[in-house]
Amino acid sequence: MLEIKNITKIYKTYGLEQKALDKVSINFRKSEFVSILGPSGSGKTTLLNIIGGLDKYTSGDLIINGVSTKKYNDRDWDTYRNHKVGFVFQSYNLITHQTVLKNVELALTLSGVSKKVIREKAIKALDDVGLSKHINKKPNQLSGGQMQRVAIARALVNNPDIILADEPTGALDSDTSVQIMELLKSISKDKLVIMVTHNPDLAQNYSSRIINIKDGKLLSDTNPYDYKKEEKDNRILKKTKMSFLTALTLSFNNLMTKKGRTILVSIAGSIGIIGIALILAVSTGFQNYVDSIQEDTLTSYPLTIMQESSDITSILLSMRSGDKKSNGSDDVIEEQYITNMLSSVSTNDLKSFKSYLEKNMNEIKDDVANIQYSYSVDPNIYTIDATKKLSKVNPSNLFTSMMGGNSLMSSYSSMASVYSSMVDDISEVVKDYDVLSGHWPTAYNEMVIVLSEKNTISDLLVYSLGLRDTSELSKMVNSIMSGEEVDIKHDPLKFSYEDLMGVDLRLVLPTDTYKYNKKYDVYEDMSEDESFMKKVYEKATKLKIVGVVSAKDGVTSSSLNPGVVYTNALIDYIINQTKDTNIVKKQLKNSEIDVFSGNRFDKENNKYAFSFEDLVKVDEEKLKNAFGGKIDSSTIENKTKLAISEIESSISIDTTPAKTLFESNLKTFMNDVLSVDFQEDKIDELVNNYFNKDDVTSKLKNMEKTYLIPVDTLKNSYSVLIKGLLNAYLNAYKVYLNRVGQTFNEEVLIIDDLKNTVISSYLESALINETEEKFANLMTEAKVKSEVLTKVGNLTSDLANSFASSFNIDASKIASAFTLNFSEDELTRVVSAMMSKTETTQKTNLIKLGYQDKEEPTYISFYFNSFDGKEHFLSFIDEYNKKSDEDKKINYSDTTGILMSSVKTIVNAVSYVLIAFVSISLVVSSIMIGVITYISVYERTKEIGILRAIGASKGNISSIFNAETFIIGLLSGLFGIGISYAFIPIINSVIHHFTGNIPLSAALNINHALILVALSIILTLIGGLIPAKSASKKDPVEALRSE
């Protein structure tokens, strides 16, 4: 039962008040047909809207089934309209973009019932009004009467208690009006029907009660109702709610009525998405390329920990000026960059670390694909070259002669070697290579040739296989080192795979190149004795080249160096063979004595067992005959011993004077050359001019006079070292400029502090120390050799002169009485072995002989399964360092990781900047979509009123427009991604045109695409929030009046 109690409605406009209803009180029965009559403006529709909950009364009370509505909130009124009231409007108020069935279903969707029930009830309601055959038509396909029946079906579908009809026949013809009135009359049998009309005849003929209103006041009531107080209806009604799917359907159907505009808006909104997507595609393509290189580096460039390690990581990081902070004062503080860089070499205890690895292998077994232990033992490989001469092709002295003897330097020089080893487990390696001929090595003496390209072979490899005159290469290198031009031209050679695999290579054990000298207990180096080495070569182990391979197309980083590759089984074979030789056993047994020279390693209290008497053999009989037989043996013995003793005392094999002179001159030359500024491209000219000066030439001639080394040889040697110094200073100068924020031009200025630091560090380097030692040995060896030969030649004339006054002498017989016990070459080897002063230890000697303790590798290489595995392993090393003493800690440098990370950082920075610029278009798009949504709100105002009339809440209205912006955002995102994918092939064509064979291709990650679509949706939702909120606040009465 519905009760209107003293309801007053006042409209306020600009300070003016208009009373639409004035204390109106009416009681309605549960089922009756009530017509409300009155002139226009009398308050009929206002009363109807208040009963329907579309408008709120100013005072009074509306009581429904005994329940006051004074405390109703918006949600309560929404529920009331949906469950208790059904509206029938003069203008039908159907949603034009929905089908007849969907219009009727709409009220039910707010009731929260299942889809099946919704459909069944909607079809039944339409069947009840005679429209079951028209359920799939749109409203504009129906007649006026049919549309009003649809409105009545929509009002009835929720089975409300009250039907409110506002001029339901006002837009219909007479016959149709009668049909509608008959329909309403039949409904009134079970429900309360309240109709507002201007037609008294219709009211008189169909209504059971007529109420007249004028100027907001009740004039008459033909059948008033006095009721007894009823019990309150305490049933809890379901709150209305609209699913987001319903909101999407409404918005989608609305947008489909404006396809052109929707598509244009979506494309406009997609411009920013296209820009970001293409930037991300290019960035992702580059990062994929970098990642692929990094993936390749997992096998090509393993993490290597060496006995002597330079902390490259700290050096690279220290160059980042952005990490430095001001010291807060005006003082200029020295940055000891060069000193730190040159002193960053440390020693790793790999023996302890190897032991730790083997004990904790389970912890890293899933991270590490392969662990390779490498040793300093290098196979001595000989061949007969193209000129039929015996030639040593490995190790090559061409590149290593200028390197220091430490493991750090030797590891770098090995990069220039044609011969190198492969990993033990080649299962991953073979995937990257095509076998052009033969097969992979399976035995210790088998090797393969790795070509850089399928049909080409480098000239260095040709020389290293002995397929050309190997001495030519030495001449070329020497010429270049001397600053001379090289002019050797050959026609390119052609080889079949069989030719390459047929090269005769032999493994010569290092121990086989030494011969023991019992007299002096030293080992003579026979490697320069051609006849001796040919005999060794004939007996040496044959090495077989069993295959020729080349990297597959598309492989960017090869794990094998081009050249000749052998297995580590060959190194094991060398170590196992040499450990049983006498020289190695002797050196292993005695850790204090150098087996090569017989000297102590500490070089203290060394006594050379060298005796001049051992060099000369005296034939006493011939000597006696030379003096006419007038001299006895005792006289001869005394005289010769005296002469030999005088000669021996005058010969010295101490290399210290030679080394001191060489170093002194070198320091002088260094300071002279670095006394004036120079240009980067004129270093060669500067050095050549300096060594042509008279005073410099004079110094070199004095050295030649004392030590018999030709001036040209000295000049070339010093030139190479001085050029190295100038390049070292040049690099240090560039670093200095970078630190002080200056730009380098061709002029190199001399800065005293920088100059002194570079010279000091250069002189202390392994390169200079080894060079000085070698030259000191060479100079002293030449001097001693000359002195021995000269003094032996003079011995006969000295003796002749001593006896000249007493005897008749035959000079020719005296000369034949003295002979050398050694050949000239033997003399050279013995003197060289005994006076060797190279910094050696038991360990370096054993490595020189081809032996190394397998528990103490020179370096360890780690190959990883993944980047995560690599990171976990680095944590494993850090954990080991925490547990270890200072001298056991491991230093390593992940240079590849740092460089790749830097490249990625640069690419990301550029990408972020570009994205920031493009994002401006997204903001503009969001604003545009907000404006478009405002227009849509204006266009759908009537629909807003209809939805509010059937019980939709303010939140439901917001959801509808949010759904619309969601659809536009989704379409914009999809358009943007689709267009981007269409552009990617074009972009790739441009990239490939400029980058050539680099496998760099733009690629839009599907995750990035989905994120961009989501971003588009979020931005459009944000852009539509304000218009959606505005729509929800619209007055439903005003909304229904709009057209």
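None of the figures in this text is laboratory data; all of them are computed from the coordinates on show. Nothing here was measured: the structure is a model prediction, and the numbers come from that model. Methodologically, a virtual Cβ is constructed for each residue, glycine included, from the backbone with ideal geometry; neighbour enumeration extends over all protein chains shown.
What to note about this one:
- Binned Cα-Cα distances of the range 2-239, short to long, each 10 Å bin given as a whole percent: 7, 32, 36, 21, 4, 0
- Near Leu971: Cβ cut-off under 14 Å, other residues only, Lys/Arg at +1 and Asp/Glu at -1. The net charge is +2.
- Dipole axis of the range 14-72 (+1 Lys, Arg; -1 Asp, Glu on Cβ), positive-most option in Thr45, Phe33, Thr58: Phe33
- If the chain linking Asn362 and Phe532 were pulled fully straight, counting 0.36 nm for each residue of separation and taking away their Cα-Cα distance, it would gain 56.1 nm.
- Highest to lowest packing among 209-218, 113-122, scored as the average C-beta count within 10 Å: 209-218, 113-122
- With a simple spin-label model that places each label point 7 Å from the Cα along the Cα-to-Cβ direction, the separation between Val676 and Lys214 comes to 12.6 nm.
- Highest mean first, the peptides 727-733, 377-383, 1006-1012, 692-698 sorted by other C-beta atoms within 10 Å per residue fall in the order 377-383, 727-733, 1006-1012, 692-698.
- Label-to-label distance, nm, for residues given as Lys116 and Thr660 (7 Å Cα→Cβ offset): 11.2
- Projected onto planes of every orientation and averaged, the convex hull of the alpha-carbon atoms in the range 121-215 covers 6.7 nm².
- You can think of it this way: the chain between Lys882 and Lys475 has 141.3 nm of extra reach, that is 0.36 nm per residue less the Cα-Cα gap.
- With R₀ set to 56 Å, the beta-carbon distance separating Leu686 from Ile927 gives a calculated FRET efficiency near 0.25.
- Selected from Ser174, Leu218, Leu142, residue furthest toward positive end of dipole (the range 2-239; charges at beta carbon): Leu142
- Applying 1/(1 + (r/R0)^6) with r as the Cβ-Cβ distance of Asn159 and Lys5 and R0 = 30 angstrom yields a FRET efficiency of 0.70.
- Inter-probe distance in nm under a simple model that places probes 7 Å from Cα toward Cβ, at Lys539 and Ile986: 7.7
- Under 19 Å from the Asn65 label point (7 Å along Cα→beta-carbon), backbone N, the range 138-158: 155-158
- Theoretical FRET efficiency, 1/(1+(r/R0)^6), r = Cβ-Cβ of Ile263 and Phe744, R0 60 Å, to 0.05: 0.55
- Extension reserve of the Tyr912-Ser40 stretch, reckoned as 0.36 nm per residue once the Cα distance is removed: 307.3 nm
- Nearest-20 debye value, the range 2-239 charge dipole, Cβ charges on Lys, Arg, Asp, Glu: 840
- Cα-based shape type of the range 492-558, given that a ≥ b ≥ c are square roots of the gyration tensor eigenvalues and the cut on a/c is 1.5: prolate
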